[in-house]
Amino acid sequence: MAAQVPRPEPMILHLRGHVRMVDFLATGGLADQASPPFSSILFDWSDIISWSFQPPTKPEVRSWLVVANSIDRLAIVHHRAWKRQAAWFAALLRTGDCRVRSYHPHDYDRALDWLMDDNRGACNPGDCRS
């Protein structure tokens, strides 16, 4: 039996402090220009203090739409306060072939496990929120 090739480690993007929408959207360009390209991303929002969230226009999200077509998994680790932003972002990325899961900060390790697991099945009960 052939040995399984492990999935590559995900790109980890950690947002902290006060987040402005323009800065958040700029992270799409970082993800798109990564070399080598990543097949999965972990967004750690556990240290965000505030977020001036406004639904952006289509030109503003163009880089994330490109990224959504190039990655297959993205996990968002966040507190309940950022549920609206996580839901919006997940919906945006699901326009591509990207699977998105949300996790509470205390489930950070589970988020990493899901991103690196070769099992293509659904998330285990209790491991994540959609």
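The values are calculated or read from the model by the stated rules, or taken from the named source; none is laboratory data. Owing to the predicted nature of the structure, the values given are computational and were not obtained by experimental measurement. Cβ sites come from the backbone with ideal geometry, for glycine too, and all protein chains shown count toward neighbours. These area figures cover heavy atoms from the full protein model, side chains too; ligands, DNA and RNA do not enter into them. Shrake-Rupley method; radii C 1.70, N 1.55, O 1.52, S 1.80 Å.
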Next item on the list: Being open to solvent by 60 Å² or more (accessible area, probe 1.4 Å), part of a loop (DSSP other than H, G, I, E, B) and touching a residue at least 40 places away in the same chain (Cβ under 8 Å) is the filter here, so list the residues in region 100-119 that pass it.
Entry: 117
Notebook entry, point to check: Do the conditions hold for residue 122, that is, is it at pLDDT 85 or above, aliphatic (A, V, I, L, M), over 16 Å from the mean Cα position of the chain (by Cα) and open to solvent by 60 Å² or more (accessible area, probe 1.4 Å)?
Noted result: no
Check: Any residue in region 48-69 that is among the hydroxyl-bearing types (Ser, Thr, Tyr) and under 18 Å from residue 7 (Cβ atoms)?
Finding: no
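When you look at residue 87, is it more than 18 Å from residue 12 (Cα to Cα), within 13 Å of the chain's Cα centre (by Cα) and surrounded by 15 or more Cβ atoms within 10 Å (Cβ to Cβ), yes or no? I'd like the intermediate steps shown before the answer.
Working: more than 18 Å from residue 12 (Cα to Cα): yes; within 13 Å of the chain's Cα centre (by Cα): yes; surrounded by 15 or more Cβ atoms within 10 Å (Cβ to Cβ): yes.
For residue 87, the condition - more than 18 Å from residue 12 (Cα to Cα), within 13 Å of the chain's Cα centre (by Cα) and surrounded by 15 or more Cβ atoms within 10 Å (Cβ to Cβ) - is met.
Of the residues that make up region 53-72, is at least one at pLDDT 90 or above and either under 23 Å from residue 117 (Cβ atoms) or touching a strand residue (DSSP E or B) at 6+ places or on another chain (Cβ under 7 Å) (or both)?
Pass one, region 53-72, residues at pLDDT 90 or above: none.
No: zero hits.
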